[in-house]
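Student: Here you go, one structure.
The values are calculated or read from the model by the stated rules, or taken from the named source; none is laboratory data. From a predicted model like this one, the values you see are computed outputs, not experimental measurements. So basically every Cβ, Gly included, is an ideal-geometry build from the backbone, and we count neighbours across all protein chains shown.
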């Protein structure tokens, strides 16, 4: 066969059945028409064949098997499709010893582990587009921003706890844990975060007083907590409407608006608790998410130590949202991570030699000091004279009776439903655990309810979802759930708005104005060297440059909180030398005056100073707030200001 004849044969169309030339000595794949078009028309030498084979191997991969008329490559060419009749190569198992075959036969390693979640997440219905959901959530969060932000510098009045935590954040910026000796009353993580916020926003007085600047952070935390409540409710119910319902119950309650404006440890702890729960229910048994949830729970406990009571319920949530194959390891990882982080608080006391009380007279303990264990033993033994569950219950009912009802009825419903649906049981256990903490006795302040509000909202929303689903299935009308949900939302918003205006008037009253007036009066009339007894709310503004009580002048280094004047040896014995006559001014509000009159012991030094003082001025504000400013009449009486 001549070369010209061969060329004409190869130039036939691709569908032609013409046979390949038999004069070739190289192995060519019969289906490689594109390569055949480029073959030379003369017989190839062995060297040319070997070179072509190497190029083909580099292009198509390693050749596993070569034959005179075909070869097997490791990879397919792009665009290559296997024929329906072609079979994939069968891999043969390597030969093993007879004993090994027996071990393999009786072992269970060939079985797949159970990787199905006990409580798998439900798929969301696609009736609402994603963009519409984003718009609805943004509108809801904008409503949270407005309701919580409007008049937040005016209402509610400044709590003493707010001043205590802001002054502790001030101490963090100066390298201390507290402006006075740290007594382990609470872990310091919350005011460490607060100090970071105040530094990032330009200082303590960017938004007015130091407490006002801290309340801006509370506003952002309230919005973030509202978003987490929505995501949690949507996740556990697979319903966006239920998520919106939970968001409204939580964020628009008068109790939420009142207490979430205040600089309280409970607000920090609630945010971290919600973040931990969301990571847990969204984990799909992924270890990274479980560990991150443990870190968030540890942060919650380090913000407010009482949330440790929720650990058993949280561990049940870990068990629920991990597969049986990973459950043991997930529980161990969560416990180890959370407890390792929380134990840093105890480690701090150990390193400072302040874990055990000095009163135990241990051989290695030879000096008086504060003690972590002694502090918590004292807190457990506190009575209800400062605040009882009955007083707190009255305040809750007066502010938002619906929330208290939702905290009890849906809770009982979810406990019963928990036998069939474990998510209901998880939320119910979280709420029950915190109710047990509140009902235990001891001191209970109204704002202690803060971590319970989102748990109540989640329980109520999930119970409503289950009940309406039953009703819709009974009547064979799925649209009924949506209609009932819209009706509840339409009734809930006016109710919340009405209770926010009356009797609390959250958006109109300004009881905090009296504190601002007091700071201005001190700056104008009190000498910088005077010894001034104050409440914690005034501390930072009198000890930091540009504060409301300082302005551009000198600081007030001898302005001290009344509790520390009476109980801190450095002030009582050092600065005052136990003598009331060294006190120059006493600035009191109603709470401070009650504590001075009711607390015994060394508080007598302030009572003595009050008996030898004269009222200089009285400042009043909304909601029966007042400040009395006294000047002590010394033995050698200086002229009154």
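Student: Since residue 493 meets every condition but one in (1) modelled with pLDDT of 90 or more; (2) closer than 30 Å to residue 405 by Cβ, which condition does it not meet?
Tutor: Only one criterion in (1) modelled with pLDDT of 90 or more; (2) closer than 30 Å to residue 405 by Cβ is unmet by residue 493, namely (1).
Student: Please indicate, with yes or no, whether at least one residue in region 485-494 is assigned to a helix (DSSP H, G or I) and buried (at least 20 other Cβ atoms within 10 Å of the Cβ).
Tutor: Taking region 485-494 first, the residues assigned to a helix (DSSP H, G or I) are 485-494.
Imposing the further condition that a residue be buried (at least 20 other Cβ atoms within 10 Å of the Cβ) reduces the set to 485.
Checking region 485-494: at least one residue is assigned to a helix (DSSP H, G or I) and buried (at least 20 other Cβ atoms within 10 Å of the Cβ).
Student: Oh, and also: Is it the case, given these coordinates, that residue 349 is under 12 Å from residue 272 (Cβ atoms), part of a helix (DSSP H, G or I) and touching a residue at least 12 places away in the same chain (Cβ under 8 Å)?
Tutor: Values: under 12 Å from residue 272 (Cβ atoms): no; part of a helix (DSSP H, G or I): yes; touching a residue at least 12 places away in the same chain (Cβ under 8 Å): yes.
In short, no.
Student: So how many residues does region 524-535 have that are farther than 19 Å from residue 562 by Cα and touching a helix residue (DSSP H, G or I) at 6+ places or on another chain (Cβ under 9 Å)?
Tutor: The number of residues fulfilling the criteria is 0.
Student: Tell me yes or no: at least one residue of region 173-187 is surrounded by 18 or more Cβ atoms within 10 Å (Cβ to Cβ) and assigned to a helix (DSSP H, G or I).
Tutor: Scanning region 173-187 turns up no residue that is surrounded by 18 or more Cβ atoms within 10 Å (Cβ to Cβ) and assigned to a helix (DSSP H, G or I).
Student: Return the only residue of 458, 450, 437 being at pLDDT 85 or above, closer than 28 Å to residue 252 by Cα, surrounded by fewer than 19 Cβ atoms within 10 Å (Cβ to Cβ) and under 26 Å from the mean Cα position of the chain (by Cα). Write out each step before concluding.
Tutor: Values: 458 fails: surrounded by fewer than 19 Cβ atoms within 10 Å (Cβ to Cβ); 450 fails: surrounded by fewer than 19 Cβ atoms within 10 Å (Cβ to Cβ).
That would be 437, the only listed residue that is at pLDDT 85 or above, closer than 28 Å to residue 252 by Cα, surrounded by fewer than 19 Cβ atoms within 10 Å (Cβ to Cβ) and under 26 Å from the mean Cα position of the chain (by Cα).
Student: Also: Could you please find all residues in region 476-500 being closer than 22 Å to residue 155 by Cβ and out of contact with any helix residue (DSSP H, G or I) (no Cβ under 8 Å at 6 or more places or on another chain)?
Tutor: So in region 476-500, the residues closer than 22 Å to residue 155 by Cβ come out as 493-500.
If the condition is that a residue be closer than 22 Å to residue 155 by Cβ and out of contact with any helix residue (DSSP H, G or I) (no Cβ under 8 Å at 6 or more places or on another chain), then 494, 497, 498 are the ones that fit.
Student: Here is a follow-up. Just name the residue that is nearest to residue 170 (Cα to Cα) out of those in region 198-219 that are part of a loop (DSSP other than H, G, I, E, B) and touching a residue at least 60 places away in the same chain (Cβ under 8 Å). Let's see the steps before the verdict.
Tutor: Initial filter on region 198-219 (part of a loop (DSSP other than H, G, I, E, B)): 201-209.
Still in the running and touching a residue at least 60 places away in the same chain (Cβ under 8 Å): 203-205, 208-209.
Details: 203: 10, 204: 8, 205: 12, 208: 15, 209: 13 Å.
Of everything passing the filter in region 198-219, 204 is nearest to residue 170 (Cα to Cα).
Student: Out of 556, 572, which single residue is part of a loop (DSSP other than H, G, I, E, B) and surrounded by 14 or more Cβ atoms within 10 Å (Cβ to Cβ)? Write out each step before concluding.
Tutor: On the way: 572 fails: part of a loop (DSSP other than H, G, I, E, B).
Result: 556 is the single residue among 556, 572 that is part of a loop (DSSP other than H, G, I, E, B) and surrounded by 14 or more Cβ atoms within 10 Å (Cβ to Cβ).
Student: Let me ask something additional. Within region 306-326, does at least one residue satisfy the condition of being in a helix (DSSP H, G or I), outside the structural domain of residue 230 (by TED's automatic domain parsing) and over 21 Å from residue 432 (Cα atoms)?
Tutor: Of the residues in region 306-326, the ones in a helix (DSSP H, G or I) are 306-320.
When the remaining residues are screened for being outside the structural domain of residue 230 (by TED's automatic domain parsing), the result is 306-320.
Those left that are additionally over 21 Å from residue 432 (Cα atoms): none.
Within region 306-326, not a single residue is in a helix (DSSP H, G or I), outside the structural domain of residue 230 (by TED's automatic domain parsing) and over 21 Å from residue 432 (Cα atoms).
Student: Do we have residue 586 as assigned to a strand (DSSP E or B), under 25 Å from residue 166 (Cβ atoms), modelled with pLDDT of 90 or more and under 43 Å from the mean Cα position of the chain (by Cα) here?
Tutor: On the way: assigned to a strand (DSSP E or B): yes; under 25 Å from residue 166 (Cβ atoms): yes; modelled with pLDDT of 90 or more: yes; under 43 Å from the mean Cα position of the chain (by Cα): yes.
In short, yes.
Student: So, one more: Considering only region 405-420, how many residues are surrounded by fewer than 16 Cβ atoms within 10 Å (Cβ to Cβ) and within 25 Å of the chain's Cα centre (by Cα)? Break it down into steps so the answer makes sense when it comes.
Tutor: Just the residues of region 405-420 that are surrounded by fewer than 16 Cβ atoms within 10 Å (Cβ to Cβ), to begin with: 405, 408-409, 412, 416, 419-420.
Filter once more, so that each one left must be within 25 Å of the chain's Cα centre (by Cα): 408.
Within region 405-420, residues that are surrounded by fewer than 16 Cβ atoms within 10 Å (Cβ to Cβ) and within 25 Å of the chain's Cα centre (by Cα) number 1.
Student: Go through the residues of region 359-376 one by one and say whether even a single one is within 30 Å of residue 463 (Cβ to Cβ) and over 29 Å from the mean Cα position of the chain (by Cα). Spell out the reasoning first.
Tutor: So in region 359-376, the residues within 30 Å of residue 463 (Cβ to Cβ) come out as none.
Within region 359-376, not a single residue is within 30 Å of residue 463 (Cβ to Cβ) and over 29 Å from the mean Cα position of the chain (by Cα).
Student: Can we say residue 540 is within 30 Å of residue 143 (Cα to Cα) and at pLDDT 90 or above? First the steps, then the outcome.
Tutor: Numbers: within 30 Å of residue 143 (Cα to Cα): no; at pLDDT 90 or above: yes.
So residue 540 fails the test.
Student: Would you confirm, using the coordinates I've provided, whether residue 252 is under 18 Å from residue 492 (Cβ atoms), modelled with pLDDT of 90 or more and either surrounded by 24 or more Cβ atoms within 10 Å (Cβ to Cβ) or in contact with a helix residue (DSSP H, G or I) (Cβ under 7 Å, 6 or more places away or on another chain) (or both)?
Tutor: Considered against the rule, which asks whether it is under 18 Å from residue 492 (Cβ atoms), modelled with pLDDT of 90 or more and either surrounded by 24 or more Cβ atoms within 10 Å (Cβ to Cβ) or in contact with a helix residue (DSSP H, G or I) (Cβ under 7 Å, 6 or more places away or on another chain) (or both), residue 252 comes out as yes.
Student: With the condition kept exactly as written, say whether any residue in region 461-471 is surrounded by fewer than 16 Cβ atoms within 10 Å (Cβ to Cβ) and touching a residue at least 24 places away in the same chain (Cβ under 8 Å).
Tutor: Taking every residue of region 461-471 in turn, at least one turns out to be surrounded by fewer than 16 Cβ atoms within 10 Å (Cβ to Cβ) and touching a residue at least 24 places away in the same chain (Cβ under 8 Å).
Student: Counting just the residues of region 592-641 that are in a loop (DSSP other than H, G, I, E, B) and under 43 Å from the mean Cα position of the chain (by Cα), which one comes out modelled with the highest pLDDT? Show your work before the answer.
Tutor: Filtering region 592-641 for residues in a loop (DSSP other than H, G, I, E, B) gives 599-600, 612, 633-641.
Still in the running and under 43 Å from the mean Cα position of the chain (by Cα): 599-600.
Details: 599: 85, 600: 80.
Among them, the one singled out is 599.
Student: Would you please name the residue that is surrounded by the fewest Cβ atoms within 10 Å (Cβ to Cβ), looking only at residues in region 110-154 that are modelled with pLDDT of 90 or more and in a loop (DSSP other than H, G, I, E, B)?
Tutor: This residue is 150.
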